[in-house]
Structure formats: C-alpha cells, structure tokens
1. From the list D123, D182, D148, which one is within 18 Å of the chain's Cα centre (by Cα) and acidic (D, E)?
2. Which one of these is in a loop (DSSP other than H, G, I, E, B) and buried (at least 24 other Cβ atoms within 10 Å of the Cβ): G15, G37, G10, G41?
3. Are any residues in the range 47-59 surrounded by fewer than 22 Cβ atoms within 10 Å (Cβ to Cβ), touching a helix residue (DSSP H, G or I) at 6+ places or on another chain (Cβ under 8 Å) and assigned to a helix (DSSP H, G or I), and if so, which ones?
4. Scan the range 116-130 for residues that are over 21 Å from L6 (Cα atoms) and outside any loop (DSSP other than H, G, I, E, B) and report the count.
5. For K2, all conditions in the list (1) open to solvent by 10 Å² or more (accessible area, probe 1.4 Å); (2) in a helix (DSSP H, G or I) hold save one; what is the number of the exception?
6. Identify all residues within the range 131-171 that are without any contact (Cβ under 8 Å) to a residue 60 or more places away in the chain, outside any helix (DSSP H, G or I) and not aliphatic (A, V, I, L, M); write none if there are none.
7. Residues in the range 195-207: is at least one among the polar types (S, T, N, Q) and either farther than 17 Å from I137 by Cβ or at pLDDT 95 or above (or both)?
8. Filter the range 212-258 for residues that are over 11 Å from T13 (Cβ atoms) and touching a Ser or Thr at 6+ places or on another chain (Cβ under 6 Å); which is surrounded by the fewest Cβ atoms within 10 Å (Cβ to Cβ)?
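The values are calculated or read from the model by the stated rules, or taken from the named source; none is laboratory data. Please read all numbers here as calculations on a predicted model, not as lab measurements. Glycine also receives a Cβ, built like all others from the backbone with ideal geometry; neighbour counts cover every protein chain displayed. For accessibility, only protein heavy atoms count, side chains too; no ligands or nucleic acids. Shrake-Rupley method; radii C 1.70, N 1.55, O 1.52, S 1.80 Å.
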Amino acid sequence: MKEFALVLGGGSTKGFAHIGILKVLEKYNLKPSLIVGTSMGALVGGLYCAGVSVKDMEDMAHKFNNIGTFSLYSTLFKGNLLNITKVHKILDKLLKDKTHESCDIKFVSVATVLNKGVEEHLDSGYIKDSIMASISIPAVFPRFKIGDKHYVDGGLLNNLPEDVVKEYLPNAKIISVDPIGDYSKQVEKLKLKTAETILNASTLMTQTIAQKKPKYADIRIVISQPTVSQMDFSAKTTKKAIANGENAIKKVIDDIKTLLGVKDEPKGLNYSLTSQKATTKEPNKIKKNNYNSKLTTKSKSTLTKNSKSTKSKKG
C-alpha cells in the first residue's frame with residue numbers, strides 16, 4: 001500500500017463527520033502515516049493519533065451536549081466566551097500526558113498565532129495543547145496561551161491544510177476531508193446573536209479562503225451538511241454528522257483503494273506486517289500474487305522498509 005496522509009478540516013459540530021471517515025478507513029485497514037488537522041479536525045485527528053478508539057470518540061461526541069461541554073444554550077457566558085473547563089477535563093481524561101513523540105501516527109495541528117498574525121504547525125509536545133490551540137474559536141472559546149504566544153482557531157488562516165502535508169511527507173498521497181463545503185448556501189439561523197453571528201461570519205470567511213487555495217489533495221471529500229448546525233452538539237446531531245462522514249467516504253472508497261494501490265483480499269488469507277507471513281485455513285487454494293498487504297506503520301522509514309518486503313513476497 002502506498003503511503004498517505006489524511007487532512008481533516010474544521011467545522012465545529014460538522015467536523016464530527018471525521019469520526020465516520022476514520023471508522024470506514026479502519027474497516028478497510030487503511031492507516032495513514034500522517035494526520036493534519038484544523039479545529040475540529042485537530043480534535044478528532046489528535047485523539048485518533050494518540051490511540052483513542054473510534055468507538056470511544058463516538059461515545060464522547062454523543063455525550064457532549066448532555067454534559068454541557070459545548071452547548072451555547074446551557075453554558076454560562078463570561079464576556080461572550082464559553083467556559084472551557086470541561087473541555088480540558090475531557091482531553092485530560094482521554095489523553096493524559098500523551099505527546100506527539102509517543103504517537104504511532106504522526107500528528108500535526110494547525111493553529112493561528114493571534115499576537116503574531118501567522119499560521120503555525122504544532123508537531124511536538126503535548127497533544128492536548130496542540131488541540132486546544134487549534135480549536136480556540138474566537139468569541140466561543142478563550143485564546144490558548146503557550147509561552148508568549150496566544151493561539152486561536154487554525155481555520156482562520158488554513159481551514160483545510162492540504163499544503164502542510166508537503167512539509168512533512170512530500171511524496172505521500174493526500175486524502176482530505178472538508179466537512180463544510182459551500183457555506184454560503186447553509187448559513188445558520190441566529191439564536192444567540194453575538195456568538196453565532198461571529199461564528200457564521202468566521203466560517204464564511206475561512207471557507208472562502210480555503211476554496212481559493214491551490215488543491216494539493218489527490219482525493220478531496222467534500223461533505224455539505226446544511227442540516228447539521230455548527231453549535232448543536234445534541235446526540236442526534238452528532239450521530240448525523242458521523243453518519244454523513246461514513247456515507248461520504250463509502251462513495252469514494254474504491255477510488256481511494258485504487259490511489260493507494262490496494263486490491264481486494266481473497267477470503268481466508270491473513271497477512272500480518274509483524275510476522276510477514278501469509279496464513280490461511282485453505283493453503284492450497286491461495287493463488288500467488290493475489291492478495292492485499294495490510295500495512296500498519298509507525299514511521300515513514302518503517303513503511304518504506306516493509307513496502308519493499310511486501311513486494312519481495314509478491315515476486
């Protein structure tokens with residue numbers, strides 16, 4: 001299988017579609033070597049790279065509204081900013097002291113340094129800090145400080161950071177996910193005027209910028225979700241977003257397999273990267289050169305080495 005990177009764009013509640021994306025990729029044993037995420041894409045991508053299961057992320061998403069973590073309707077405002085304490089508690093529970101360096105899959109979070117006016121790619125240190133820096137939406141969450149830098153939502157400057165992949169894996173195939181699409185056709189009704197007006201305006205701006213940037217992805221999955229409100233974190237809405245992600249990637253899964261050089265695997269054949277041995281209950285029925293290697297990687301060098309090993313076994 002060819003090496004690939006996964007790019008997950010921002011989108012608040014709409015971004016839970018990324019969980020559905022990862023769910024389907026896992027089903028087909030397609031594991032990226034790198035995940036680059038912005039805002040909600042950084043949250044989902046960071047958790048996944050840190051080893052949090054898709055199932056645990058689904059459970060977390062469905063409980064958001066019940067515990068009042070992101071609810072605009074039940075959380076007390078202080079200067080038009082949401083109380084972010086419970087977000088910290090969720091990440092502390094799921095991530096503990098997990099760092100970028102300890103992840104099996106390389107993770108890069110895209111954030112905006114407000115006091116310097118630049119985009120920054122966070123690729124070291126605590127995963128929690130990188131996530132918090134990227135999800136700090138202006139007027140919704142307070143800015144996040146690391147050292148002398150004040151971080152806000154990465155989507156302000158790069159909501160679909162396909163270009164960032166070239167900095168880390170210049171030769172990898174790129175699959176990106178835009179969970180918003182054309183936002184001009186799905187601007188939401190305003191319930192809490194100050195925060196939601198700013199959020200709508202910010203989203204419209206970031207999407208316009210993202211759509212005008214050069215396309216680097218080999219496959220870009222665009223998920224238009226007009227019925228998924230960005231600030232509705234009810235279980236019903238988060239389930240809908242996750243299902244939207246699953247349905248969207250299923251439509252292009254054959255294209256993805258073709259891009260990555262993956263072929264359908266014959267029944268009864270198991271191929272393990274660890275053992276590098278093919279086994280089957282019916283060994284006499286295996287046909288040479290007629291299987292798909294399921295690759296899992298810990299690093300770019302490991303993938304390159306094992307790809308050569310796979311080719312030698314096919315030969």
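1. D123
2. Unique residue meeting the criteria: G10.
3. Result: V54, D56, M57, E58.
4. Applying the first criterion (over 21 Å from L6 (Cα atoms)) to the range 116-130 yields 116-118.
With the extra rule that they be outside any loop (DSSP other than H, G, I, E, B), the set shrinks to 118.
Total satisfying the criteria: 1.
5. (2)
6. Of everything in the range 131-171, those that are without any contact (Cβ under 8 Å) to a residue 60 or more places away in the chain, outside any helix (DSSP H, G or I) and not aliphatic (A, V, I, L, M) turn out to be S136, R143, F144, K145, G147, D148, K149, H150, Y151, P170.
7. Of the range 195-207, the ones among the polar types (S, T, N, Q) are 197, 200, 202-203, 206-207.
Then keep just the ones that are either farther than 17 Å from I137 by Cβ or at pLDDT 95 or above (or both); that gives none.
No, the conditions are met nowhere in the range 195-207.
8. The residue in question is R220.
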